[in-house]
Amino acid sequence: MEERSIPSAGQPYWQMPELAEDDRLIGGVAAGIGRELGLEPIWVRIGFVVLFAMGGWGALLYGAAWALFALAGRHSTPGGRAAPAERIAKGKTASARLAGFAVTVAGLAILAGRIGGFPAEVVWPLGVLGVGLLVAWQRLSGDTDEDWRSPRRWLVVVGNLLVATVAVIVLLLGIEGVADAAGSVLLALGAVVAMAGLSAPWWWRLVRERDAERQARARSDERAEVAAHLHDSVLQTLTLIQRNSADPQAMLNLARRQERELRNWLDPNRASRHGESVRGCLDEIATTVEELHGVPVEVVAVGDCLVDEPVDALLGATREATVNAAKHSGAEQIDIYLEVGEDGIEVYVRDTGKGFETDVIDEDRHGIRHSILARMERAGGTAVVTSAPGEGTEVELRLGQETNR
Amino acid sequence: MSYQPTVVLVDDHDLVRAGVRAELGDRVRVVAEAADVVEAVDVIVETAPDVVLLDVHLPSGTGADVIAAVVDRGVETSFLALSVSDSPDDVISVIRAGARGYVTKAIKSDELVASIIRVAEGDAVFSPRLAGFVIDAFSSSLSEPAHDDVDQLSPREKEVMRLLARGYAYKEIARRLSISIKTVETHASAVLRKLQLSSRHELQNWAARRRIV
């Protein structure tokens, strides 16, 4: 092994090893010891395996070291780890430290051999099972920053599941009497239970994370869209309202326009109508009249159709009638009703304002009525104005079937 | 004013409730308010008001949910939907759940009080917009002939609806058609019943059809 690949020993004196979370296979004990010793973790791991082979002591030592290191790590401050009361110098070279470690392991192995271990048929399956469980669960919980879909991780999880299953089978085989009678059934059952027990949390997590991720993405897309829209529209309007706060009429108009815009945005059906359909054009007429004259205009529409030349004339007449009502009637609101039916298009513009005598018409009124009537006639339709003083006014515009495509 | 109906306000915005309450003044008796579905159902069951002014969108549910739950508990009351929403789905769903009418929040206070009294007396209230939806839904041009009489409007009912959509009040409709206000109300109630009972495709899948148009 090349010299440079061997980690340096760090501090020249012994300290309590830390659990090496970033380089672990199981709990990071071996890697932690290796780091403190200045050894490749693999040697430490081999040491634990050797000791494990000697009647299972390796597992016991590993568990004890894990608990000790974890406990010590929790009480230590960064850069201030627990050290022996007397400072003990480390071996100067990597090979010296490795030799020391090997001798220590050999001594422990001989000691274990003398004392005697736990029965092999229990130690092995339990050991393997334990390691499998530990690794599986470690990988499943906690570290979310590691991508759980990476191939390496899949490999680790699946490998551990297999190992654990084999371990259960071996354990069951080891129990006397199982092998003959109900053995096979119990074996299968054991394997299934092991698989299920191990994989259940993993599947659960997998599903949960995928859902969470999908939802989060949808949410953030939506949020971005809403934010962009609010910035363009509502914030702009609020700024304008602040500037125009001395003028109540301007504020009212701004608020109405913003309301319309928001409604269009909330109802995509409406937005798509704009510009190309009668309904969209009526909405636009309503908006402009509201803005110019400050009278609310309510549009109720049944049916829809595309705008062609006669319909354009109808819309022109509608605009005249609406402007007329806004300017002269004094009504608080103007109602427009559009109905596109099989036998034609009808538009009603109605106000509940002061009204007028239809046979006493001043020049201005005459002009407007004339332009409404003339327009409708040119387009092949009709216009009727109904009004009386104090009764409000209604303009009825109609395009017949022959002009309705 | 002699008759003072009791009213419960259901709306999740405090400001709206306060505003409506102020507008109504002492012409009706507001006995309780609620801000969400559960609270609304409890309060309505407890106070059994003449009229519930109901917002269509609530946190944790819709106005239709409130109506269904209250009907379930066997409480007799009338619902008037009051909402800023003018999407046909919202309006039709709350009417089909059993509301006696639908008005928008832009309604003037006199008209709102008149609507509450009308609903309290068991009549129907149609805003121009709702009348427009009704005509649209029952218009025969786009669908197969109706089999059942609740699936279509009579010529007179359609006439009344069209005048409502044009912005006419009941009184004005009565004068224009030379019938009594009571007859106009009867027509309106009949339309409401059809709206609630009809099995027309348009009413059941309103949203879907709107997307085709």
**Report entry** Solvent-accessible surface (1.4 angstrom probe) belonging to residue B:171, in square angstrom, nearest 10
**Finding:** 140 Å²
Query raised in the report: Please state the relative contact order of the range B:6-140 as a whole percent: Cα pairs under 8 Å, 6+ residues apart?
Result: 21 percent
Report summary line: Between chains B and A, the summed loss of accessible surface on complex formation, probed at 1.4 Å and reported to the nearest 100 square angstrom, is 2000 Å²
Report task. Can you tell me the dipole magnitude for the range B:62-144 around its Cα centre, using point charges on the Cβ only (Lys, Arg +1; Asp, Glu -1), in Debye to the nearest 20? Result -> 160 debye
Query raised in the report: Under the definition of partner shielding as Cβ atoms of other protein chains within 10 Å of a residue Cβ, what is the mean value for peptide A:331-340?
Result: 4
Query raised in the report: Using bins 5 angstrom wide from zero, how does P(r) for the range B:11-67 break down, in % of all Cα pairs?
Result: 4, 20, 31, 26, 16, 3, 0
Requested in this report: Assuming R0 = 30 Å, can you tell me the calculated FRET efficiency for the pair residue A:26 and residue A:217, based on Cβ-Cβ distance, to the nearest 0.05?
Outcome: 0.30
Report summary line: When every protein chain stays in place and a 1.4 Å probe is rolled, A:45, B:29, A:214 sorted by accessible area with the largest first are A:214, B:29, A:45
Query raised in the report: residue A:93 to residue A:284: FRET efficiency via 1/(1 + (r/R0)^6), r the Cβ-Cβ distance, R0 56 Å, to the nearest 0.05?
Result: 0.05
Requested in this report: Give the angle, between 0 and 90 degrees and rounded to the nearest 10, that separates the Cα long axis of helix B:128-138 from the longest principal axis of the Cα atoms of chain B.
Outcome: 40 degrees
Requested in this report: With a 1.4 Å probe and all protein chains in place, put A:203, A:43, A:14 in order of accessible area, largest first.
Outcome: A:203, A:43, A:14
Report task. Within the range B:62-100, find all residues whose amide N lies under 19 Å from a label point positioned 7 Å from the Cα of residue B:38 along Cα-to-beta-carbon. Result -> B:62-73
Query raised in the report: Can you pull the accessible area of residue B:136 for me, 1.4 Å probe, Å² to the nearest 10?
Result: 10 Å²
Report task. Heads up, I need the accessible area for residue A:46: 1.4 angstrom probe, whole protein in place, Å², nearest 10. Result -> 80 Å²
**Report entry** residue A:46-residue A:388 pseudo-label distance in nm [points 7 Å out on the Cα-to-Cβ vector]
**Finding:** 11.3 nm
Report summary line: In this structure, the FRET efficiency calculated for residue A:306 and residue A:265 from their beta-carbon separation, with R0 = 22 Å, to the nearest 0.05, is 0.45
Requested in this report: Return the subset of B:108/B:171; A:327/A:354; A:354/B:171; B:108/B:182; A:327/B:105 for which the Cα-Cα distance in this structure is over 20 Å, preserving the input order.
Outcome: B:108/B:182; A:327/B:105
Query raised in the report: Rank A:319, A:205 by accessible area, highest first, at a 1.4 Å probe radius?
Result: A:319, A:205
Query raised in the report: Among B:18, B:120, B:81, which one moves the most in a GNM of chain B with springs linking Cα atoms closer than 10 Å?
Result: B:18
**Report entry** Spacing of the two label points (7 Å from each Cα toward its C-beta) at residue A:333 and residue B:4, in nm
**Finding:** 2.7 nm
Query raised in the report: Roughly speaking, what % of Cα-Cα pairs in the range B:6-140 are separated by over 19 Å, rounded to a whole number?
Result: 43 percent
Requested in this report: Can you tell me the 0 to 90 degree angle between the C-alpha axis of helix B:63-72 and the longest principal axis of chain B, rounded to 10?
Outcome: 80 degrees
**Report entry** Estimated [θ] at 222 nm from DSSP helical runs (n ≥ 4, -39500 (n - 2.57)) normalised by residues in chain B, nearest 500
**Finding:** -15500 deg cm²/dmol
Report task. Relative to the longest principal axis of the C-alpha atoms of chain B, give the angle of the C-alpha long axis of helix B:109-120, reported between 0 and 90° and rounded to the nearest 10°. Result -> 80 degrees
Query - Reduction of at least 40 Å² in accessible surface, 1.4 Å probe, comparing all protein chains with the chain by itself, residues of the range A:291-320 - result: A:300, A:302
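The values are calculated or read from the model by the stated rules, or taken from the named source; none is laboratory data. Computed from a predicted structure; not experimentally measured. A quick note on method: Cβ atoms are made from the backbone with ideal geometry, for glycine too, and the neighbour counts reach across all protein chains shown. Only protein heavy atoms, including side chains, enter the accessible area calculation; ligands, DNA and RNA are left aside. Shrake-Rupley method; radii C 1.70, N 1.55, O 1.52, S 1.80 Å.
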